[in-house]
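Read the structure below first, then the notes.
The values are calculated or read from the model by the stated rules, or taken from the named source; none is laboratory data. Treat the numbers as computed from the prediction; the structure is a model and nothing was measured. With ideal geometry, Cβ positions are generated from the backbone for all residues, glycine too; neighbour counts draw on all protein chains shown. Accessible surface areas use protein heavy atoms only, side chains included; no ligands, DNA or RNA. Shrake-Rupley method; radii C 1.70, N 1.55, O 1.52, S 1.80 Å.
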Amino acid sequence: MGSIFLFSLIIGLISALILVPVFPNKTEGKQPVRGFLIGAAVVLVSAVFGFYYLTNLDYNVASVWPLLIIVSAAGAVFSVGTERLVKAGLFVVSLAVGGYFLTAFVFNADEKFETAKMAEKVEIKSFDEKETPASVPPKFARNKMKKAFGQVPNTSYYELGSLQVQKVNGEYVYIAPVEFSGFFKWLNGDKVPGYFTISATDSSANPKFVKADMAYTPSAYFNKNIERHIRMKYPKRIFYGEPQLEVDDQGKPHYIRTYGEFVSARNGFKAQGIVSVNPKTGATKAYALSEIPDFIDGAISPETVSLQNSYYGNYIHGFWNSKFGKSDVKLPSDEGTEANVSPVFNEKGEMYYFTDFTSPKEGVDSMLGYSLTNARTGKATYYTGNLEESYMDSQGALQIIEKKFIEKKWKGQMPILYNFYGEASWLTPVLDSNGFLQNYFIVSAANPEISVSGTTPNEALRQYKTALQRGGGTVDGSSKAEEKKVSGKVLRVYKEKSGDFTLVSFLLENRQSYVVSSENAPVAIYLQEGDQVSVTYLETGEQFLPVKELKVKGL
């Protein structure tokens with residue numbers, strides 16, 4: 001509390017000296033002026049203290065420029081003679097400073113773009129078919145946690161906080177703290193009893209309540225409020241984004257918040273590190289981005305990533321171009337699950353924020369590219385995809401789902417772009433009107449007429465492979481699949497009609513099953529048990545391996 005008292009005292013006294021005339025008129029005595037000065041100082045010190053205490057604004061001198069304009073203008077009005085000229089001059093200077101701060105967003109657009117500049121690549125990130133390709137949507141996870149809220153002691157005191165996805169002990173989970181449901185509940189409860197956790201990949205998993213006393217939380221009041229507690233410890237640091245709960249591998253909770261610096265003139269933001277708080281004891285520690293503990297996945301707040309995406313997409317040719325000409329401007333989508341971005345994990349277990357970009361032209365749902373931002377370092381890569389093809393953006397994928405299930409009123413949430421079997425594809429969980437997960441929907445970004453749905457991500461993926469084969473898509477270049485050849489005797493054959501073509505599944509004497517569409521291999525419709533075949537296939541690790549080429553001996 002010492003920092004805010006000292007800051008308020010200094011700013012309040014200086015403001016009082018500017019506001020109240022130091023050299024009064026001859027008709028005024030010294031005693032009334034002294035009384036006005038003391039009264040003004042008391043009011044201004046209290047006002048400055050109250051404002052900074054309530055807003056948690058940083059205690060930097062540059063943050064008081066609005067107050068300087070007000071008191072210098074009033075001081076010039078109340079003063080006379082030379083003192084009026086001095087304070088009028090101070091008012092003019094304060095207006096110039098205020099104008100500089102207020103118009104900085106126009107002139108620092110190029111700097112913002114440079115801070116957000118991304119490495120650019122063409123290819124879309126690949127996907128390993130042997131892994132589960134999508135997370136449980138957060139809305140569904142939250143609904144399940146609410147239904148399990150009876151596990152919380154003194155349930156009426158609390159409510160569920162914000163979800164945060166992360167990796168704990170090698171498993172991908174959602175974490176949601178228990179929060180106070182109001183001021184009087186905080187007075188009676190004093191601390192929250194723990195947090196919920198639930199699998200982010202298994203929709204059948206049930207939430208688990210973990211006991212962990214937390215006194216410093218976002219829903220606490222006065223000095224126990226987590227944002228105010230951090231501000232008291234770090235009075236001059238610049239923070240951006242909401243505090244987030246991170247859990248280490250021992251299940252111990254930690255609140256973190258991203259800090260950084262302004263791009264210029266108290267405008268814009270660039271991340272530099274985090275502040276971590278023990279919510280039980282209030283102990284705090286700051287880490288630079290290069291020193292962040294291993295268990296923290298989301299060091300860069302999603303709000304920061306969303307801001308950087310906006311800089312990169314809008315300011316490629318400066319501020320005015322983003323408003324009028326819009327040459328090369330690309331708009332980040334707002335379909336993400338956290339501050340317009342969606343957290344995803346790569347094969348190494350590293351968390352990234354996904355965002356797709358679309359054209360600023362109204363009525364166009366064509367994707368211009370997408371970004372992946374490392375959630376620990378802030379380094380981002382922009383992927384354009386195949387420049388010769390036109391990809392549908394996330395909004396287009398959601399519109400297809402809405403039309404597909406218009407009678408049931410189901411809607412998609414958290415669309416993510418994958419490379420399935422060499423095809424750029426949107427995979428989206430589908431929820432009903434009550435927020436319960438119904439299925440997973442996959443649609444080709446380049447060929448929207450190719451789409452499937454399944455009760456699990458892997459079931460949808462198997463159907464999608466079949467749809468690609470019969471729909472003129474491709475199963476070439478699947479992410480990690482090696483092209484191989486095999487010859488042998490056919491033991492079993494199963495054929496089913498799929499649109500205008502026949503889907504043929506067969507088992508060879510090596511006890512491995514394969515699948516092929518008659519569109520790709522017309523001779524497959526004549527396949528029968530006992531045939532000798534030569535097969536070119538992709539080693540995807542699946543139960544039925546996709547066939548690229550089939551030759552039947554004697555045909």
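Tabulated data
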| item | result |
| --- | --- |
| Flag for Gly541 being farther than 15 Å from Gly422 by Cβ, open to solvent by less than 60 Å² (accessible area, probe 1.4 Å), at pLDDT 90 or above and in a loop (DSSP other than H, G, I, E, B) | no |
| Evaluation of Tyr287 against (1) in contact with a Lys or Arg (Cβ under 7 Å, 6 or more places away or on another chain); (2) without any contact (Cβ under 8 Å) to a residue 60 or more places away in the chain; (3) of a type in the set (Phe, Trp, Tyr) (one fails), failing number | (1) |
| Scan of the range 378-412 for residues that are within 21 Å of Val344 (Cβ to Cβ) and open to solvent by 70 Å² or more (accessible area, probe 1.4 Å), ordered by number | Lys379, Gln395, Lys411 |
| Residue match in the range 228-235 (condition: of a type in the set (Lys, Arg) and within 15 Å of Lys280 (Cβ to Cβ)) | no |
| Search result, residues across the range 342-356 that are of a type in the set (S, T, N, Q) and either in contact with a Phe, Trp or Tyr (Cβ under 6 Å, 6 or more places away or on another chain) or open to solvent by 50 Å² or more (accessible area, probe 1.4 Å) (or both) | Ser342 |
| Condition met for Val165 (hydrophobic (A, V, I, L, M, F, W, C) and under 19 Å from the mean Cα position of the chain (by Cα)) | yes |
| Candidates Pro193, Pro177, filtered to the one that is touching a Leu at 6+ places or on another chain (Cβ under 6 Å), assigned to a strand (DSSP E or B) and within 19 Å of Arg142 (Cα to Cα) | Pro177 |
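Conditions (1) assigned to a strand (DSSP E or B); (2) within 43 Å of the chain's Cα centre (by Cα); (3) closer than 19 Å to Ile450 by Cβ; (4) touching a residue at least 24 places away in the same chain (Cβ under 8 Å), marked per residue:
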position	(1), (2), (3), (4)
Val490	yes, no, no, yes
Lys495	yes, no, no, yes
Leu503	yes, yes, yes, yes
Asn510	no, no, no, yes
Asn520	no, yes, yes, yes
Ile525	no, no, no, yes
Gln528	no, no, no, yes
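Residues checked against (1) closer than 23 Å to Leu461 by Cβ; (2) aliphatic (A, V, I, L, M); (3) open to solvent by less than 70 Å² (accessible area, probe 1.4 Å):
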{"position": "Arg492", "(1), (2), (3)": "no, no, no"}
{"position": "Gln512", "(1), (2), (3)": "yes, no, yes"}
{"position": "Ser518", "(1), (2), (3)": "yes, no, yes"}
{"position": "Pro522", "(1), (2), (3)": "no, no, no"}
{"position": "Leu527", "(1), (2), (3)": "no, yes, yes"}
{"position": "Gly530", "(1), (2), (3)": "no, no, yes"}
{"position": "Pro546", "(1), (2), (3)": "yes, no, yes"}
